[in-house]
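What follows is one structure encoded as structure tokens, with my remarks underneath.
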Amino acid sequence: MITLNSISHTYPGEAAPALRDVSLTLGDATVTALVGPNGSGKTTLMQILGGLMVPTSGSISIDGGKASADDLLTGSIIASSARDFDELYSQSLVAYARLRPTWDEQLFAHYAERFDLRINRKYVRKLSGGQAAILSASIALASGAPLTLLDEIQAPLDVPTRYAFYEEILALAGECLEGKRAPRRFLISSHMVSELEKVAEDVIVLKKSELLAHE
């Protein structure tokens, strides 16, 4: 159980907070949708949950114990459609991901075949937006991370690939629920709300930096 206690964050030089007094608990749901318009604070919340950013105020606890940014970073992986790994070879990116003790090579091979991923000494910047996104998404799903954060990762994908990706999330989540795999949580952010209706068990809605709903 991951609990956010009055999380707020204001970026340096900004007057308005990116997040304001957000409190919620990620309970038993395996797949949670994080939705809201652009600028509502979705990416900020993702980065805080992934340990990439320390909130200005508030705290996060895991199973009742206070969690540091290092704790969150160790137990999570975040994938986004941002081109953060453009200067790496795709081969190097996968090699680095394989260092995780929970990495599932068989699962990654399945994604590589389904999505026609070419893992070679080719810079990620030379991949299209969709190819780079599905590479990052496949690494995240195969990572085995207890908390898998997918920040608008599906945005650059064409419609058939998006729905194939949703199928893979549901299949993996189902195996976790059935006890075939270790428990995991998947948090998917998007402004394409209708597409996540049949994917998520739980929804968090942000608007203007505040929590609007969680149900």
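Points worth noting:
- When you filter the trypsin sites (Lys or Arg not before Pro) in the range 139-199 for DSSP loop state and at most 16 other Cβ atoms inside 10 Å of their Cβ, you are left with K180, R181, K198.
- Hydrodynamic radius by Kirkwood, which averages 1/r over all alpha carbon pairs of the range 3-77, in angstrom: 12.9 Å
- Whole-number percent relative contact order across the chain, with pairs defined as alpha carbons under 8 Å at least 6 apart: 30 percent
- With DNA, RNA and ligands ignored, accessible area of L49 (1.4 Å probe; Å², nearest 10): 0 Å²
- For the chain: lysine pairs under 29 Å (alpha-carbon distance), excluding those fewer than 8 apart on one chain: 10
- Under the Karplus curve 6.51 cos²θ - 1.76 cosθ + 1.60, θ = phi - 60°, whole-Hz ³J(HN,Hα) for the range 206-215, x wherever Gly or Pro sits: 10, 8, 6, 6, 10, 6, 8, 7, 8, 7
- Computed over the chain, the P(r) tail beyond 24 angstrom holds 40 percent of alpha carbon pairs.
- Peptide packing: for 146-159, 129-142, the average count of neighbouring Cβ atoms within 10 Å per residue gives the ranking 129-142, 146-159, highest mean first.
- Spherically averaged projected area in nm², based on the convex hull that wraps the Cα atoms of the range 141-215: 5.6 nm²
- Accessible surface calculations at 1.4 Å, restricted to protein heavy atoms, place the range 1-141 at 51 Å² per residue.
- Beta bridge orientation in the chain: antiparallel %, DSSP, nearest 5: 45 percent
- Nonlocal amide H pairs with T56, under 5 Å, H built at 1.01 Å: S8, H9, T10
- For the chain, size of Cβ-based charge dipole, Lys and Arg +1, Asp and Glu -1, in debye: 540 debye
- Heavy-atom accessible surface of the chain: percent carbon and sulfur, 1.4 Å: 52 percent
The values are calculated or read from the model by the stated rules, or taken from the named source; none is laboratory data. Computed from a predicted model, the values in this text were never measured in an experiment. Methodologically, a virtual Cβ is constructed for each residue, glycine included, from the backbone with ideal geometry; neighbour enumeration extends over all protein chains shown. All accessible areas refer to the heavy atoms of the entire protein, side chains included, with ligands and DNA or RNA removed. Shrake-Rupley method; radii C 1.70, N 1.55, O 1.52, S 1.80 Å.
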